[in-house]
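Here is the structure we will look at.
The values are calculated or read from the model by the stated rules, or taken from the named source; none is laboratory data. From a predicted model like this one, the values you see are computed outputs, not experimental measurements. Every residue, glycine as well, gets a Cβ built from its backbone with ideal geometry; the counts of neighbours run over all protein chains shown.
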Amino acid sequence: MEKFYVTTPIYYVTAKPHLGHAFATIVADILARWNRILGKEVFFLTGTDEHGTKIEKAAREAGKTPKEFVDEVANMYMGAWKALDISYDKFIRTTDEEHEKAVSEFVRLVWDNKDIYKGVYEGWYCVPDETFIADFEVKDGKCPECGRDVQRVKEDAYFFALSSYKEDLLRIFEENPDFVKPNSRLNEIVKILKGTLRDLDITRKSVTWGIPFEPDKEQTVYVWFDALINYISALGWPNGSKFTEFWPADVHIVGKEISRFHAVIWPAMLLSAGIDLPKTILVHGWWTVEGKKMGKSLGNAVNPIDLSKKYSVDALRYFLVKEKSIWEDGDFSESGLVSRINGELLADLGNLVARVLTLAEKFKGKIDGKAEIADNLNMSRIMELFDGYDINGALNEIWAFVRSINKYINDTEPWKLDGPRLGTVLNNSLEALRIISILLYPFMPSTSESMQAQLGIKLGTINDCKFGTFNGKVKRGKNLFDKIVTA
């Protein structure tokens, strides 16, 4: 069976899950569910990043041990993903014993390859982002990413010879233009590589909450060097059978603020350790609020669980993917969510299902006939868009099909028909709803299941997305969506 391996970032546990985290995880879930109905064996990984200075500090401020603190927040993430209907196969934590052992083994391989050396780090450091900042990037003593104060630090450290992989990485990007998507992000990474690529400080002497650096136990492994290894440790690397089955990853989904770590540092680490590179790094844009990046520090984080309880999980999932392409930034507004519920979900889909099923329940004749609207469905285009990870484009194409069925109903006016002609129109309409229920499953699984229950069918696969004779048993249930009335 063909395999598909998709990962989210592992989320740093100083912040509770917000809409930005939910977006990346829902995108991964959509890709996982899509590939399952393609008939592939899927491994979908998410998790939490739990080491480093920032966590030590946050735990201390909360009056907890680091372990108590990370346990509590990791449970919040698992609870959030359950609430948002995320179908992950494994939730990894960087405090897992299997991960810590894998990090030590990875360090040994890179050490044996003579890509680690001892030196002294002196420069700017952003504690909130756990990131060292080049002198030219610091503006008025602030981190260029989060805008908070940076610190000047100097300490003994061990370095990874990142600069020695510069030409290898440039060659990889030239030979594989789909390694980083979209192309604009690839161009940014190439620009970084063509500039001055510094070796990476991969240990900390002042941090105790981390994985010991085996060659020198006075040091711990830098949180980013540790965290990136989760993508293989979760598969049981180096000896696990899942690693053999699923690596290399088909797609790492990451935010643009961490694209450099995934597109430069992670491939270089893998090259040093002699491990295959992932196939694609998919870089998504941000959800902003009034034009500002969403985050705990800015006090503008939107709680996805509250939204899902207020409007439904599927409505939120639909909105996040339909409102913007995954590559671009998008400004969140609750009014925009309400507009899509009342417009597309209720008027386009919900009303379509209700009126077709109402007519079908009353019909006593034979439901069969030729496929009159098969050409309305552009399956090859939907497949093509999914292959390029353009799930916003794929959903737009699916919605064009939904709207075409509404037009077909309006044009044929089946409430005025009877006999064989009505049977033909109902067959086409019911078959269209069956196919729509399959295509929408990755995006809105509960809505898809509700449609199938009312149609009296089971979830099919992509191979079933073609018109035939409807053989379900229709029983109309409650409305898929209700109108949201605002003051």
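Among the residues making up the range 262-292, those that are of a type in the set (D, E, K, R) and either farther than 20 Å from HIS18 by Cβ or under 17 Å from the mean Cα position of the chain (by Cα) (or both) are ASP276, LYS279.
Would you be able to tell me the number of residues in the range 164-200 that are of a type in the set (S, T, N, Q) and either part of a strand (DSSP E or B) or over 16 Å from LEU270 (Cβ atoms) (or both)?
Step one: filter the range 164-200 for residues of a type in the set (S, T, N, Q), giving 164, 176, 183-184, 187, 196.
Right, trim to either part of a strand (DSSP E or B) or over 16 Å from LEU270 (Cβ atoms) (or both) and you get 183-184, 187, 196.
The number of residues fulfilling the criteria is 4.
Taken over the range 448-464, residues that are surrounded by 22 or more Cβ atoms within 10 Å (Cβ to Cβ) and in contact with a Gly (Cβ under 9 Å, 6 or more places away or on another chain) amount to 2. Assessment of the range 260-271 against the conditions (farther than 28 Å from GLU41 by Cβ, assigned to a helix (DSSP H, G or I) and without any contact (Cβ under 8 Å) to a residue 40 or more places away in the chain) yields at least one matching residue.
Counting just the residues of the range 330-358 that are at pLDDT 95 or above and among the charged types (D, E, K, R), which one comes out nearest to VAL289 (Cα to Cα)? Ranking the candidates gives ARG340 first. Against the conditions (1) touching a residue at least 24 places away in the same chain (Cβ under 8 Å); (2) in a loop (DSSP other than H, G, I, E, B), PRO144 satisfies every one except (1).
Take ILE409 and tell me if it is of a type in the set (Val, Ile, Thr) and closer than 18 Å to ILE37 by Cβ. It is false that ILE409 is of a type in the set (Val, Ile, Thr) and closer than 18 Å to ILE37 by Cβ.
Considering (1) free of Cβ contacts under 8 Å to residues at least 12 places away in the same chain; (2) part of a strand (DSSP E or B), the lone condition that THR8 does not fulfil carries the number (1).
Would you be able to tell me the number of residues in the range 204-225 that are outside any loop (DSSP other than H, G, I, E, B) and more than 22 Å from ARG60 (Cα to Cα)? If you could, list the steps in order and put the result at the bottom.
Taking the range 204-225 as the starting set, the residues that turn out to be outside any loop (DSSP other than H, G, I, E, B) are 204, 212, 220-221, 223-225.
Next, from what is left, pick out any that are more than 22 Å from ARG60 (Cα to Cα): 225.
Result for the range 204-225: 1.
Of the residues making up the range 205-212, none is touching a residue at least 12 places away in the same chain (Cβ under 8 Å) and touching a Cys at 6+ places or on another chain (Cβ under 9 Å).
Put simply, of GLY419, GLY477, GLY393 the only residue that is surrounded by 14 or more Cβ atoms within 10 Å (Cβ to Cβ), small (Gly, Ala, Ser) and in contact (Cβ under 8 Å) with a residue 12 or more places away in the chain is GLY393. Is there a residue in the range 149-163 that is without any contact (Cβ under 8 Å) to a residue 12 or more places away in the chain, hydrophobic (A, V, I, L, M, F, W, C) and not in a loop (DSSP other than H, G, I, E, B)? So far as the range 149-163 goes, no, none of its residues is without any contact (Cβ under 8 Å) to a residue 12 or more places away in the chain, hydrophobic (A, V, I, L, M, F, W, C) and not in a loop (DSSP other than H, G, I, E, B). Of everything listed in (1) out of contact with any Lys or Arg (no Cβ under 7 Å at 6 or more places or on another chain); (2) crowded, with 21+ Cβ neighbours inside 10 Å; (3) assigned to a helix (DSSP H, G or I), the single unmet condition for ARG36 is (2). Checked against (1) modelled with pLDDT of 95 or more; (2) within 28 Å of ILE202 (Cα to Cα), TRP81 meets all criteria but (2). When GLY291 is tested against (1) at pLDDT 95 or above; (2) more than 30 Å from TYR165 (Cα to Cα), just one condition goes unmet, and that condition is (1).
Consider LYS407 carefully, then state whether it is closer than 20 Å to PHE23 by Cα, surrounded by fewer than 19 Cβ atoms within 10 Å (Cβ to Cβ), of a type in the set (Lys, Arg) and at pLDDT 95 or above. Against the criterion (closer than 20 Å to PHE23 by Cα, surrounded by fewer than 19 Cβ atoms within 10 Å (Cβ to Cβ), of a type in the set (Lys, Arg) and at pLDDT 95 or above), LYS407 does not qualify.
Among helices (runs of 4 or more DSSP H) entirely within the range 328-447, having at least 1 residues that are in contact with an Asp or Glu (Cβ under 8 Å, 6 or more places away or on another chain) singles out 334-340, 379-387, 391-412, 419-439.
Quick one: in the range 46-96, of everything that is assigned to a helix (DSSP H, G or I) and among the small types (Gly, Ala, Ser), which residue is nearest to ARG36 (Cα to Cα)?
ALA83
Taking each residue of the range 427-441 that is in contact (Cβ under 8 Å) with a residue 12 or more places away in the chain and closer than 12 Å to LEU352 by Cα and looking for partners that are in a helix (DSSP H, G or I) and of a type in the set (Ser, Thr, Tyr) with beta-carbon atoms closer than 9 Å, six or more apart or interchain, yields SER429/TYR408; SER429/THR412; ALA432/SER404; ALA432/TYR408; ILE436/SER448.
Within the range 1-42, restricting attention to residues that are of a type in the set (A, V, I, L, M, F, W, C) and more than 22 Å from ILE438 (Cβ to Cβ), the residue that is nearest to the chain's Cα centre (by Cα) is ALA24.
Considered as a group, the residues in the range 207-238 that are of a type in the set (D, E, K, R) and farther than 15 Å from THR94 by Cα include one that is nearest to the chain's Cα centre (by Cα), and that residue is GLU214.
The C-beta contact set for the range 312-329 (first residue on the phi < 0 side of the Ramachandran plot, second residue part of a helix (DSSP H, G or I) and of a type in the set (Lys, Arg), distance under 6 angstrom, 6+ apart or interchain) comprises PHE319/ARG340.
In the condition set (1) surrounded by fewer than 19 Cβ atoms within 10 Å (Cβ to Cβ); (2) more than 30 Å from PRO304 (Cα to Cα); (3) of a type in the set (A, V, I, L, M, F, W, C); (4) within 37 Å of the chain's Cα centre (by Cα), ALA400 is compliant with all but (2). Select from the range 43-78 the residues that are within 27 Å of PHE243 (Cα to Cα), in contact (Cβ under 8 Å) with a residue 60 or more places away in the chain and within 19 Å of the chain's Cα centre (by Cα) and list them in ascending order. Passing the criteria: PHE43, LEU45, GLY47, ASP49, ALA74, TYR77.
Kindly indicate whether CYS126 is touching a residue at least 24 places away in the same chain (Cβ under 8 Å), buried (at least 19 other Cβ atoms within 10 Å of the Cβ) and not hydroxyl-bearing (Ser, Thr, Tyr). When the stated conditions are applied, CYS126 passes them.
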